[in-house]
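Engineer: The structure follows.
The numbers here are math on the coordinates, done by the rules we state, and not lab data. None of these values were measured; they are calculated from a predicted model. Cβ sites come from the backbone with ideal geometry, for glycine too, and all protein chains shown count toward neighbours.
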């Protein structure tokens, strides 16, 4: 009677050994595919991160530009308001002086800056503004720039124009040109260059304001 061998035959060992290299090759191919997928995912993530960074930089630049535009517009508005209030007070001072009263308001605006009524109104003509016409009153620059500051905010002074508005009082046939005045002012942003000898058109922020003065 034949006794069974306690261990597998040599043939079984050779079969297992013959299958092992194939399994190794399959494992290597699978690992290679995994590394390729990881590389593609990493490249996609890198592209997405780069796009997010570019978008963030563009958004920051756009926000800074908007803030800068808002600042220059606000400064131009302030200059126009200063010019408007100064010219209004100057007209009132001139009218008080003409009536024989004493005015305490200090101004360099004179009656020569008040033009006669025109049709259409003179303030609507931009060519008049951009000229050396005496009816365009240029404010002293120190009225808009703070004294004692190391940095000058404005380079160009704001301007104003005063024009009588003819009215026909009730019960009369004559026009009155000394009771109602139209005051028009324009202010410039800090980026606008100083007024030159040729009175060229300003380039930059420009704000226009207007008011009516009714004298009793």
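Engineer: For residue 58 and residue 191, what is the calculated FRET efficiency with R₀ set at 22 Å and r taken between the beta-carbons, to the nearest 0.05?
Structural biologist: 0.45
Engineer: Can you work out the FRET efficiency for the pair residue 143 and residue 99, with r the C-beta to C-beta distance and R0 = 30 Å, to the nearest 0.05?
Structural biologist: E(calc), rounded to 0.05, equals 0.70.
Engineer: As a footprinting exposure proxy, order 161, 95, 45 by other Cβ within 10 Å, with the fewest listed first.
Structural biologist: 45, 95, 161
Engineer: While we're here: For region 75-214, what is the convex hull volume of the alpha-carbon atoms per residue, in Å³?
Structural biologist: That works out to 113 Å³ per residue.
Engineer: Additional query: For a quick check: sort 90, 198 by the number of other beta carbons within 10 angstrom, fewest at the front.
Structural biologist: Ascending number of Cβ neighbours within 10 Å: 198, 90.
Engineer: Let me ask something additional. Where does each of 157, 133 land when they are ranked from fewest to most other beta-carbon atoms within 10 angstrom?
Structural biologist: The fewest-first ordering by Cβ neighbours comes to 133, 157.
Engineer: If you don't mind, there's one more thing I want to ask. Given R₀ = 22 Å, what would the calculated FRET efficiency be for residue 167 paired with residue 124, taking r from the Cβ atoms and rounding to 0.05?
Structural biologist: 0.70
Engineer: Follow-up question, since we're still on this one. Could you check the simple spin-label distance between residue 108 and residue 77, using points 7 Å along Cα→Cβ, in nm with one decimal?
Structural biologist: About 2.9 nm, to one decimal.
Engineer: How many angstrom lie between the Cα centre of region 128-167 and the Cα centre of region 78-123?
Structural biologist: So the two Cα centres are separated by 12 Å.
Engineer: Separate question: Take the alpha carbon gyration tensor of region 64-122, find the square roots of its eigenvalues, order them as a ≥ b ≥ c, and report rounded if a/c is under 1.5; if not, report prolate when a/b exceeds b/c, else oblate.
Structural biologist: Taking the square roots of the gyration eigenvalues as a ≥ b ≥ c, region 64-122 is oblate.
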